[in-house]
1. For the stretch 30-45, check the following and say yes or no: at least one residue is part of a helix (DSSP H, G or I), modelled with pLDDT of 90 or more and out of contact with any Pro (no Cβ under 7 Å at 6 or more places or on another chain).
2. Report yes if Asp15 is under 17 Å from Lys106 (Cβ atoms) and surrounded by 13 or more Cβ atoms within 10 Å (Cβ to Cβ), otherwise no.
3. Taking the conditions exactly as written (in contact with a Lys or Arg (Cβ under 8 Å, 6 or more places away or on another chain) and modelled with pLDDT of 90 or more), does Val84 satisfy them or not?
4. Condition test on Lys65, is it within 20 Å of Ala97 (Cβ to Cβ), open to solvent by 70 Å² or more (accessible area, probe 1.4 Å) and in contact with a Phe, Trp or Tyr (Cβ under 9 Å, 6 or more places away or on another chain)?
5. Answer yes or no: is there a residue in the stretch 26-36 that is of a type in the set (A, V, I, L, M, F, W, C), touching a helix residue (DSSP H, G or I) at 6+ places or on another chain (Cβ under 7 Å) and loosely packed, with under 12 Cβ neighbours inside 10 Å.
6. Show the residue pairs meeting these rules: Cβ distance below 8 Å; 6+ apart or different chains; first residue within the stretch 1-23 and under 22 Å from Tyr61 (Cα atoms); second residue among the acidic types (Asp, Glu) and part of a helix (DSSP H, G or I).
Amino acid sequence: MLTEDKVTELFFMADDFCKFFDRMIARYTLKNTGKRPYHQESTLSKAEIMLIIILFHDSGYRCFKHFYLDNVCKHLRHLFPKVVSYNRFFELEKEVAIPLALFIKKVLLGKCTGISFVDSTPIRVCRNQRIHIHRTFKGIAQRGTAYSILNSSNSRYLNWDLDLINIPFKLQKQEVE
């Protein structure tokens, strides 16, 4: 979990990015023709919504609803005083999808230091009986073995290794005014 100082630093970075993003969107998109807005403005800013989503991914929780109700609404209430209900937050989450992706790509992902790691996960493609007729992964899938703890036997199957390259992101230092 991030410290409160890092959370504050991350909030200021996200807030500056959201202000810049909103200026660019206002400059380069078509203007509203005077139609009435459908929803009221949220009490949470876009930067706060983005920060809560980032904190969820850093927290280790598997379920966002439990993270939001247990952690944000109770323990982080002093950082987010105008917190909204879970259903309202779920509605607001859609509005920050593109700014969040750009913020992570442009601000949070630092330059690659050349240190990366590869996670190779075997994916079971088909059973042993169907190997000779399987054509989807022909040429890239290979025969493999796996030890099953449940039935205490070695099972042979055609598998395909999914290689994921994970590049860790780092927080960059910025001056806060």
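1. Scanning the stretch 30-45, I find no residue that is part of a helix (DSSP H, G or I), modelled with pLDDT of 90 or more and out of contact with any Pro (no Cβ under 7 Å at 6 or more places or on another chain), so the answer is no.
2. yes
3. Criteria not met by Val84.
4. Answer is yes for this residue.
5. no
6. Met1/Asp58; Leu2/Asp58; Phe11/Glu48
The values are calculated or read from the model by the stated rules, or taken from the named source; none is laboratory data. Model, not experiment: these values are computed from the prediction. For neighbour counting, all protein chains shown are included, and Cβ atoms are generated from backbone atoms with ideal geometry for every residue, glycine included. Note: areas computed on protein heavy atoms with side chains; ligands, DNA, RNA excluded. Shrake-Rupley method; radii C 1.70, N 1.55, O 1.52, S 1.80 Å.
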